[in-house]
1. Only sites in a loop by DSSP and with at most 14 other Cβ atoms within 10 Å count here; which GluC sites (Glu not before Pro) in region 117-194 make the cut?
2. When you have a sec, figure out the Kirkwood radius of region 1-52 from all distinct Cα pair distances and drop it here in Å to one decimal?
3. Treat each spin label as a single point 7 Å out from the Cα along the C-beta direction, and report the residue 315 to residue 151 distance in nm.
4. Lysine pairs in the chain with Cα distance under 22 Å, only those 8 or more apart or on different chains: how many are there?
5. Which order, highest average first, do 408-416, 35-43 follow once you tally other Cβ atoms within 10 Å for each residue and take the mean per peptide?
6. Using +1 at the Cβ of each Lys and Arg and -1 at the Cβ of each Asp and Glu in the chain, identify which of 212, 246, 283 lies farthest towards the dipole's positive end.
7. Give me the compactness ratio for region 167-298, meaning the Cα radius of gyration over 2.2 N^0.38 Å.
8. If I model a spin label at residue 381 and residue 54 as a point 7 Å from the Cα along the Cα→Cβ vector, what separation in nanometres do I get?
Amino acid sequence: MSNHDNAALDARARDILIANDRGGYTIPTEGLYPYQWNWDSAFCGWGFSTFDVERAWQEFDTLFSGQWPNGMVPHILFRQNDPDYFPGPDVWGTEGIGPIPSGGISQPPVAATFVRSVWEQNKDFGAERVAALLPKIKAWHAWFMKWRTSSDGAVFLTHPWEAGRDNSPDWDSSMAMINPEGVGEYSRRDTSHVDPAMRPTKDEYDRYLWLVYRGRERRWNEEELSRDRPFMVADPTLTFILLRANKDLSFMMNAMGMDTSEVDAWSERLMKGAQSLRNPDTGLFNAINLRSGEHTGHVTSATFLVWYAGMEDQASLEAIRQELANNTYPIPSLAKTSPLFDGMRYWRGPTWAIMNALIGIGLQDMGHDDEAETLRIRTRALIAEHGFAEYFHPETGSPAGGGTFSWTAAVWLAWASSSVGDK
């Protein structure tokens, strides 16, 4: 790719973030996702920091302005009225719980890591912003540790949307244990904007909604919900990301002269929890259905977040080297050898720039420079050839899902572009 082409793509990525800016917060893409999504927003802050640091801090501030009194930061903040979106604020039934109409669950807590990244670009400029955010980030992580951490120390999800990998095969066995009786009729927005073959099935969506209705009936009271969880899966996505986020939180707190003992204890617990996710049959990390106690056995992109968490693992390194040898494009969301692989259906096969960025960052942090650079170059080529889509077919590169996607643009600007250089 020529320098001219790369500069043009840099400009295009900036334009996408600016076009999706809604005044201090960023929507993922026009039409399909009209609100502020949690981990999308954190990625956007990272992307904005490459050309507008003040706007990056605004993104983090608006995200945490929706934090609940119990510390949870919701996965969606319904900041304006869009009656065509489903499931909207009336379906979630969170009125009066948080400061902004929102969803009742959270999402992967990548924010601390990106806050640290932006702060380290200019510590003097970001000092006050970080000082204001750290107690909020700690409260959010405390919520995860209290309400989403198993007895083994792994982080579990109570709804597939909470891990961000909505229809991953990792949830299949747990979803099969749910009878979505009483869901009724509804009209989905996603399948009116995108080919239904690229989205979760109706059977899956029925169960998503059943879990939402259950939470709404209990007014999202974690104490009450914890007494009987029909869906409970220990997840490498959440476990590895929270472990990394705790370490970054501790680093920033220490720099500010704050006591880090509690956060460091969380990290020790999560390190043990992460090891519990290692499948004894394959040696690789995957999800566990906590209702049955069984490992799911799937090799997903989340498997390779182990280095992002600061953990070394030879079995995973051998596995990712094999994945890189057998693929032209970046790591797919589900190994192509799986009988459940579907290259265009959301988290059942497509490759996602965001996951590859996190994997690549982790690989480089742990000294696996060749693998990290291979992943970065392939992600760069994928976006350069096929645009800033939500996700892509891992064999053909065909764009899928929403177009002009904010977090893909952010990944380009902050990690994949040749303008970035070695991280």
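1. Passing both the DSSP loop test and the Cβ count: 181, 185.
2. Values: mean 1/r = 0.0853 Å⁻¹.
Kirkwood hydrodynamic radius for region 1-52: 11.7 Å.
3. Each label point lies 7 Å from its Cα, and together they span 2.3 nm.
4. Step by step, the pairs that qualify in the chain add up to 13.
5. Numbers: 408-416: 28.1, 35-43: 26.2.
By packing density, highest mean first, the sequence is 408-416, 35-43.
6. The listed residue farthest towards the positive side: 212.
7. Working: Rg = 18.5 Å, N = 132, 2.2 N^0.38 = 14.1 Å.
Compactness ratio reported: 1.31.
8. 4.1
The values are calculated or read from the model by the stated rules, or taken from the named source; none is laboratory data. Predicted model, so just to flag it, every value in this text is computed and none were measured. Using ideal geometry, Cβ is built from the backbone for each residue, glycine included, and neighbour counts are taken over all protein chains shown. What goes into the accessible areas is simple: the full protein's heavy atoms, side chains included, and nothing from ligands, DNA or RNA. Shrake-Rupley method; radii C 1.70, N 1.55, O 1.52, S 1.80 Å.
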